[in-house]
Amino acid sequence: MTGVSDVVATYIMAKDGNRPWLMRRAFAEGARLEMAVKTDAISFPSTVTGVDAISDTLVRRFSEEQENVYTLCLSSPPEDRRKTFSCNWLVGMSRRDNGDIRVGCGRYDWSFTDTGKLRASDLKITIEVMQILAPENLRPVMDWLSALPYPWCPARRAAETMPQPEGLSAISDFLRQCR
């Protein structure tokens with residue numbers, strides 16, 4: 001039986017691993033994506049409808065520009081087949097063109113439908129903070145993110161093990177507020 005945690009983990013595996021074919025396991029055919037971006041460091045369309053358009057936006061086009069993507073849900077995995085689920089998230093990645101590192105955080109608000117198979121019907125992604133670091137920070141950031149439990153990670157653990165390169169103060173503040 002597929003539960004909410006399986007759907008969310010499949011979405012993360014699809015996005016982080018550049019596997020658009022997996023998005024049909026996470027999203028219903030007519031699913032809706034809403035993006036609330038509160039930073040100029042990254043951009044996305046505000047609304048996208050349909051699993052194919054969501055796949056293009058969050059996997060295909062995203063992976064054209066980004067690599068080394070790690071997304072963590074700052075929550076314990078939900079155990080039931082609930083209709084909604086919300087959690088904070090943390091992401092790190094590097095730009096393909098110039099090597100800049102992006103570390104961001106925000107919130108996922110999911111709604112699900114079950115027509116024989118549980119799938120996401122709506123996802124609102126709020127990007128609260130996205131900080132850009134110089135390419136020389138790739139190793140400490142990726143060492144940190146790749147050592148954390150994936151994709152479900154307690155915010156406290158992420159905060160306690162976070163490297164201290166200049167430029168991550170807003171991420172640190174966000175993680176401290178999630179505890």
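The values are calculated or read from the model by the stated rules, or taken from the named source; none is laboratory data. Keep in mind the model is a prediction, meaning the values are calculated, not measured. We place every Cβ from the backbone using ideal geometry, glycine too, and count neighbours over all the protein chains shown.
The figures follow:
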quantity	calculated
Given (1) modelled with pLDDT of 95 or more; (2) closer than 27 Å to SER46 by Cβ, index of the condition GLN177 fails	(1)
Single unsatisfied condition, THR84 versus (1) polar (S, T, N, Q); (2) under 25 Å from ASP173 (Cα atoms); (3) more than 15 Å from the chain's Cα centre (by Cα)	(2)
Wholly enclosed strands (runs of 3 or more DSSP E) of the stretch 1-89 bearing at least 2 residues in contact with a strand residue (DSSP E or B) (Cβ under 8 Å, 6 or more places away or on another chain) and small (Gly, Ala, Ser)	27-37
Pairs where the first residue, in the stretch 158-176, is under 17 Å from ALA147 (Cα atoms) and without any contact (Cβ under 8 Å) to a residue 24 or more places away in the chain and the second is among the charged types (D, E, K, R) and in a loop (DSSP other than H, G, I, E, B), C-beta under 9 Å, 6+ apart	ALA159/ARG179
So ARG61, is it modelled with pLDDT under 95 and either more than 13 Å from the chain's Cα centre (by Cα) or of a type in the set (S, T, N, Q) (or both)	yes
Enumeration of residues in the stretch 26-58 that are surrounded by fewer than 18 Cβ atoms within 10 Å (Cβ to Cβ), in contact with a Ser or Thr (Cβ under 8 Å, 6 or more places away or on another chain) and under 21 Å from THR115 (Cα atoms)	GLY30
Residues of the stretch 1-25 classified as surrounded by fewer than 16 Cβ atoms within 10 Å (Cβ to Cβ) and small (Gly, Ala, Ser), total	1
Qualifying residue in the stretch 139-150 (condition: more than 18 Å from the chain's Cα centre (by Cα), at pLDDT 95 or above, of a type outside the set (D, E, K, R) and farther than 20 Å from ASP40 by Cβ)	yes
Conditions (1) hydroxyl-bearing (Ser, Thr, Tyr); (2) buried (at least 17 other Cβ atoms within 10 Å of the Cβ); (3) over 11 Å from the mean Cα position of the chain (by Cα); number of the one not met by SER76	(2)
Condition met for LYS38 (under 13 Å from the mean Cα position of the chain (by Cα) and under 30 Å from ARG176 (Cα atoms))	no
Residue tally, condition buried (at least 16 other Cβ atoms within 10 Å of the Cβ) and either farther than 19 Å from MET162 by Cβ or among the charged types (D, E, K, R) (or both), over the stretch 79-92	1
Lone qualifier among GLY99, GLY92, GLY116, GLY104 - being of a type in the set (Gly, Ala, Ser), over 18 Å from the mean Cα position of the chain (by Cα) and under 23 Å from VAL37 (Cα atoms)	GLY99
